[in-house]
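Here is the structure we will look at, set down as structure tokens.
The values are calculated or read from the model by the stated rules, or taken from the named source; none is laboratory data. Small disclaimer: the values here were computed from a predicted structure and weren't measured. FYI the Cβ positions are ideal-geometry reconstructions off the backbone, even for glycines, and counts take in every protein chain you see. We work out accessible area using only protein heavy atoms, side chains counted, and drop any ligands, DNA or RNA first. Shrake-Rupley method; radii C 1.70, N 1.55, O 1.52, S 1.80 Å.
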Amino acid sequence: MVLNEVTISKAIISKYMEELIDNTNLDVAIAGGGPSGITAGYYLAKEGFKVALFEKRVSIGGGAWGGGMMFNKIVVQEEGKKILDEFDVNTERYENNYYVADAIEMITTLASKACKSGLKIFNLINIEDIVIKNKKISGIVVNWTAAEMAKIHVDPLVIKSKFVIDATGHDCEVVKAVEKKLGPVLNTETGRIVGEKPMWAEKGEKAVIKNTGEVYPNLYVAGMAANSVYGSYRMGPIFGGMLLSGKKVAELIRERLL
Ligand code: 48H
Ligand code: FE2
């Protein structure tokens, strides 16, 4: 077979464009491909909803790749282990209720299962703003990460979505965009982003589940972003809360979509 470089280029361009167009009208748009975003995407896609995840970096996995201080292991507790079991990620018991997993195995397995369940992942795309109509979120505003990095003024495109999940981690970028544009309209104590508290693993892990929810009409927050928005503690490299938060947000949105 004689390989034609132009055919290879055309295959990539046409397939990508086809999928991008197919994902311009979504049930759920997920901002951020860390463990909470991927988990949410997996459960929603498995239910048959039209869901796409947008990740600004080249690789998904967020803060999980480096484990704790670049020792690429993560810890989960009993409840978190149950989710890793569902995904078939190996865990090893460490003392009573602690389980250790390989960070690389966890991310690659979550990502693989999520893609196979029907989640469409777009990398290298930054969610820079949101669409708000009649005091409700109705879409996301996207642009190439490269455009943002190069600081070149290129106008973005819009993806329509019934629900949006901010799973952008510590920076809670989507919620930040809402606050910047509309002021104190959030479903928090102050109406604004309260800001993350220092390290307290036990409190942080409990809070992240509780904080997972709707922060503005049709905008949900999950994972570390939930603790930043509601002003709760950080928890360090224990990831059960991220997985459980991803599952919880999927369940909450599922109820709204049925
Ligand atoms: C598109 C974006 C944008 C944007 C950011 O940080 P993450 O891993 O987030 P979580 O919440 O799934 O997991 C948090 C965990 O990694 C962590 O940091 C923990 C447990 N910390 C505890 C502690 O004490 O520090 O992933 C977020 C992802 C990243 O991949 C970003 O690149 C991406 O979101 N992202 N994607 N558009 N505007 N902003
Ligand atoms: Fe972190």
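Numbers for the structure displayed
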quantity	calculated
Extension gain, THR24 back to LYS180 (0.36 nm per residue minus Cα-Cα distance, nm)	53.7 nm
Cα-derived Rg to Rh of the range 108-258, Kirkwood definition	0.96
For LYS162, residues with placed amide H under 5 Å, excluding near neighbours	LEU26, ASP27, VAL28
Probe 1.4 Å, accessible area per residue of the chain, Å²	52
The range 61-103 shape via C-alpha gyration tensor axes, a/c threshold 1.5	oblate
For the range 5-257, the Rg and Dmax computed from alpha carbons only, in angstrom	17.7, 58
Percentage, to the nearest whole number, of Cα pairs in the range 1-101 over 20 Å apart	57
DSSP-defined beta bridges in the range 5-257 - what % are antiparallel, rounded to 5	55
Per DSSP, loop trypsin sites (Lys or Arg not before Pro) in the range 161-244 with at most 13 further Cβ within 10 Å	none
Share, in percent, of DSSP beta bridges within the range 1-154 that are antiparallel, nearest 5	70
Percent carbon-and-sulfur accessible area, the range 5-257, ignoring ligands, DNA and RNA, probe 1.4 Å	56
